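Heads up, the thing below is written out as structure tokens.
We did not get these values from a lab; they are worked out from the coordinates using the rules stated. Not measured: the values here are computed from a predicted model. Here the Cβ is made from the backbone with ideal geometry for all residues, glycine too, and neighbour counts use every protein chain on show.
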Amino acid sequence: MEITRLILGLALGTWLIRALPLTILSGMALPAWLRAWLRLVPGAVLAASLAQSLLVREDRLLPSWHNSYLLAAAPALVVVWRTSNMLLTMLVGMGAFALLQRWLG
Amino acid sequence: EFALPASLVCLLFLLVRDREGLWVACLAAVLALVLRPMLGNSGTTMAATVVAATLGVMSRRWRLRA
């Protein structure tokens with residue numbers, strides 16, 4: 001029963017966090033600068049996350065040829081540039097990473 | 001292990017289509033790496049995003065005024 005209440009409470013909280021801004025902002029016209037800012041946020045978030053996941057290992061910056069994550073990103077980037085296919089990009093990236101892990105250790 | 005970075009590569013490439021978005025993304029990436037030793041795991045991505053997007057909007061305003 002305790003767990004059920006916890007799950008319901010979390011579900012309600014998640015719904016409120018997502019629904020309230022949508023409800024409040026749907027009737028408002030956002031200023032141009034805010035719309036421009038919001039348009040830039042997704043790319044910035046993805047780039048910041050990607051940079052850290054590729055270059056940071058055990059809390060240290062690792063921009064070297066022994067960084068399998070960094071090297072495996074190259075074929076993934078080529079595949080997405082040529083095909084725009086997310087599944088194929090992930091498969092090629094993971095395959096390259098597996099091979100590099102084997103070779104580089 | 002590489003599934004998340006691979007999906008981020010794909011999403012980023014498909015999302016960033018103009019020069020402004022590209023330089024803001026690059027700036028956010030550099031800021032994330034610079035801020036990471038100071039802010040640790042939490043907050044780095046958010047701080048880098050906020051600063052980069054804000055600078056992007058400010059530079060657009062400066063260009064429009066010029």
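Couple of notes before you dig in:
- Residue A:31 fulfils the conditions (1) facing chain B (nearest Cβ under 8 Å); (2) under 30 Å from residue B:60 (Cβ atoms) except for a single criterion, (1).
- For residue A:66, the criteria (1) part of a helix (DSSP H, G or I); (2) loosely packed, with under 12 Cβ neighbours inside 10 Å hold in every case but one, which is (1).
- Residue count, region A:18-55 (criterion: of a type in the set (A, V, I, L, M) and under 15 Å from the mean Cα position of the chain (by Cα)): 11
- Test: residue in region B:25-40 that is more than 7 Å from chain A (Cβ to nearest Cβ), in a loop (DSSP other than H, G, I, E, B) and within 15 Å of residue A:60 (Cα to Cα): yes
- In region A:78-91, the residues that are facing chain B (nearest Cβ under 8 Å) and either surrounded by 18 or more Cβ atoms within 10 Å (Cβ to Cβ) or over 14 Å from residue B:10 (Cα atoms) (or both): A:80, A:89, A:90
- Of A:53, A:26, A:68, all but one fail to be touching a residue at least 12 places away in the same chain (Cβ under 8 Å) and either over 17 Å from residue B:13 (Cα atoms) or more than 9 Å from every other protein chain (Cβ to nearest Cβ) (or both); the exception is A:68.
- Members of region B:14-24 found to be surrounded by fewer than 19 Cβ atoms within 10 Å (Cβ to Cβ), under 14 Å from the mean Cα position of the chain (by Cα) and either assigned to a helix (DSSP H, G or I) or at the interface with chain A (Cβ under 7 Å from one of its Cβ atoms) (or both), listed by number: B:15, B:19, B:20, B:22, B:23
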